[in-house]
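Trainee: Okay, handing you the structure first.
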């Protein structure tokens, strides 16, 4: 996992460089003075937790073929339950809280200050901007407490995935 952490960190750095080259990134961070530090930590945690999930899934199946068959289903679940494609409610919303995708979007949305971005209708009709209001999404709160909480949850998910991997691999050794 240490080797994987180094690779994940390098991937996060490459993603951050690409992000800064191709977008107008916010300069002020939520926790650190520079948003780049917030983004770097967040991207590393997202990549590392996804990596830990992949290792956990791989350790729970017998062959690489089964792992490659099962993995797309887990990725689809991550995408659907991230809350980006459509609103989640009821039991589905509760299940989403154990997925990496949900917390990844919460962290990135917080740093990008999604709640502060104007709606396209507000830009299109500036005279009606005050009448056209959007509700604040609790997942995208741009506060240090919220971002620390999201980071903690990503670290917790990573720890659970690592524990599953270690326990499962110990059972394989006994078999």
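Trainee: Would you please list the contacts, defined by Cβ atoms under 7 Å and residues six or more apart or on different chains, that run from a residue in region 1-19 that is touching a residue at least 40 places away in the same chain (Cβ under 8 Å) to a residue that is part of a helix (DSSP H, G or I)?
Mentor: 1/162; 4/51; 5/48; 8/44; 8/47; 8/48; 8/51
Per-residue answers, yes or no, for (1) surrounded by 12 or more Cβ atoms within 10 Å (Cβ to Cβ); (2) under 15 Å from residue 45 (Cα atoms); (3) over 14 Å from the mean Cα position of the chain (by Cα); (4) at pLDDT 90 or above:
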site: 86; (1), (2), (3), (4): no, no, yes, no
site: 113; (1), (2), (3), (4): yes, no, yes, no
site: 144; (1), (2), (3), (4): yes, no, yes, yes
site: 173; (1), (2), (3), (4): no, no, yes, no
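Trainee: A further question follows. So which residues in region 56-73 are out of contact with any helix residue (DSSP H, G or I) (no Cβ under 7 Å at 6 or more places or on another chain) and either touching a residue at least 40 places away in the same chain (Cβ under 8 Å) or assigned to a helix (DSSP H, G or I) (or both), if there are any at all?
Mentor: 64, 65, 66, 68, 69, 72, 73
Trainee: Quick one: count up the residues across region 88-110 that are surrounded by 14 or more Cβ atoms within 10 Å (Cβ to Cβ) and either within 19 Å of residue 41 (Cα to Cα) or in contact (Cβ under 8 Å) with a residue 12 or more places away in the chain (or both).
Mentor: Qualifying residue count, region 88-110: 13.
Trainee: Tell me, yes or no, whether region 65-76 has at least one residue that is modelled with pLDDT under 90 and crowded, with 19+ Cβ neighbours inside 10 Å.
Mentor: no
Trainee: Can you spot a residue in region 17-27 that is exposed (fewer than 13 other Cβ atoms within 10 Å of the Cβ) and under 18 Å from residue 147 (Cβ atoms)?
Mentor: Scanning region 17-27 turns up at least one residue that is exposed (fewer than 13 other Cβ atoms within 10 Å of the Cβ) and under 18 Å from residue 147 (Cβ atoms).
Trainee: Between 41, 47, which is modelled with pLDDT of 90 or more, closer than 27 Å to residue 169 by Cβ and assigned to a helix (DSSP H, G or I)? Let's see the steps before the verdict.
Mentor: Numbers: 41 fails: closer than 27 Å to residue 169 by Cβ.
Answer to the check: 47.
Trainee: Every residue in region 1-16 that is surrounded by fewer than 10 Cβ atoms within 10 Å (Cβ to Cβ) and within 16 Å of residue 111 (Cβ to Cβ), please.
Mentor: Answer for region 1-16, where residues must be surrounded by fewer than 10 Cβ atoms within 10 Å (Cβ to Cβ) and within 16 Å of residue 111 (Cβ to Cβ): there is none.
The values are calculated or read from the model by the stated rules, or taken from the named source; none is laboratory data. Because the structure is predicted, anything quoted here is derived from the model rather than measured. For neighbour counting, all protein chains shown are included, and Cβ atoms are generated from backbone atoms with ideal geometry for every residue, glycine included.
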